[in-house]
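Only the coordinates and a few stated rules stand behind these numbers; no lab work does. All values derive from a computational prediction rather than experimental measurement. Quick reminder, even Gly has a Cβ in these numbers, built from the backbone with ideal geometry, and neighbours come from all protein chains shown.
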């Protein structure tokens, strides 16, 4: 027996948190009865679960690493008709969703999966999985400038904080800064530099947990190996 939200996440319907919202909206039925209680447990082999009247079945779990190019968004469909990262994946992988996001102009390492529990453990702040970024920033920055990030800075009513920040190179026109973050807040890197009055010209995610972008070509994907998946989950305890 498993909790209903975990069953939905494992089936690739949505992440576990999104599945909880779907349940609360009275869109899920178990054996023909609408269920809104999040603690409900179901038998994966005998119970019949539907979402909006459509049957849900647990699917083979897929874990993908993608080198996202700039200019693509991390949703399956876009009402404005913009290109999405799903154009780069096999068309029959309709049940995958991004593990966290990269904004449209950002690039680099992005995981996609149909495993909601995997997604939760890599994105929820309580698990503390770090992400490493390289940012090309307009103007000259010194180490003492970016050291403020590790102390925490205020932006639009939120405290933003980096685990580590170092200036890789700097001149009068631009600086290259490496950062490690664990909070996963929206547009966090760009907002950190806004506090300093500097614009991010290029932003690339280089690493998630122990998994590095490596030599994966831009716009290409690869399946994560079993040992990589285990190492990610070990780091998200």
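Once you have the Kirkwood Rh of region 90-166 from its Cα pairs, apply Stokes-Einstein at 37 °C and 0.692 mPa s and quote D in µm²/s.
The Stokes-Einstein estimate is 215 µm²/s.
Please report 50, 130 as a ranked list, fewest other C-beta atoms within 10 angstrom at the top and most at the bottom.
Listed from fewest to most nearby Cβ atoms, that is 50, 130.
With no solvent and one equal point scatterer per Cα, compute the Debye intensity ratio I(q)/I(0) for region 130-208 at 0.12, 0.13, 0.15, 0.17 Å⁻¹ and report its log10, rounded to two decimals.
Cα-only, vacuum Debye calculation for region 130-208: -0.27, -0.32, -0.43, -0.56.
Viscosity 1.306 mPa s, temperature 10 °C: what is the translational diffusion coefficient of region 2-56 from Stokes-Einstein with a Kirkwood Rh over Cα pairs, rounded to a whole number of µm²/s?
For the chosen part, D equals 150 µm²/s.
Using Cα pairs closer than 8 Å and at least 6 residues apart in sequence, work out the relative contact order for region 63-222, in percent.
Across region 63-222, relative contact order equals 29 percent.
Each label point is 7 Å from the Cα along the Cα-to-Cβ direction; what then is the distance between the points at residue 94 and residue 187, in nm?
3.3 nm
Just want the ordering: 174, 198, from fewest to most Cβ atoms lying within 10 Å of their own Cβ.
Ranked by crowding around the Cβ, least crowded first: 174, 198.
Grab the Cα-Cα distance for residue 46 and residue 220, subtract it from 0.36 nm times how many residues apart they are, and report the gain in nm with one decimal.
58.7 nm
Return the FRET efficiency for the residue pair residue 31, residue 227: r is the Cβ-Cβ distance, R0 is 35 Å, and the value is rounded to the nearest 0.05.
0.35
So if we plug the beta-carbon distance of residue 80 and residue 127 into 1/(1 + (r/R0)^6) with R0 = 30 Å, what FRET efficiency do we get, rounded to 0.05?
It comes out at approximately 0.35.
What Kirkwood radius, in Å to one decimal, follows from the Cα pairs of the chain?
Every distinct Cα pair counted, the radius reaches 19.3 Å.
From the helices alone, meaning DSSP H stretches of at least four residues, give me the mean residue ellipticity at 222 nm for the chain, per-run term -39500 (n - 2.57), in deg cm²/dmol to the nearest 500.
-6000 deg cm²/dmol
By counting other Cβ atoms within 10 Å of each Cβ, how are 159, 75, 46 ranked from fewest to most?
In order of increasing Cβ crowding within 10 Å: 46, 159, 75.
Would you calculate the separation in nanometres between label points at residue 168 and residue 136, each defined as 7 Å from the Cα along the Cα-to-beta-carbon direction?
Between residue 168 and residue 136, the label points sit 1.1 nm apart.
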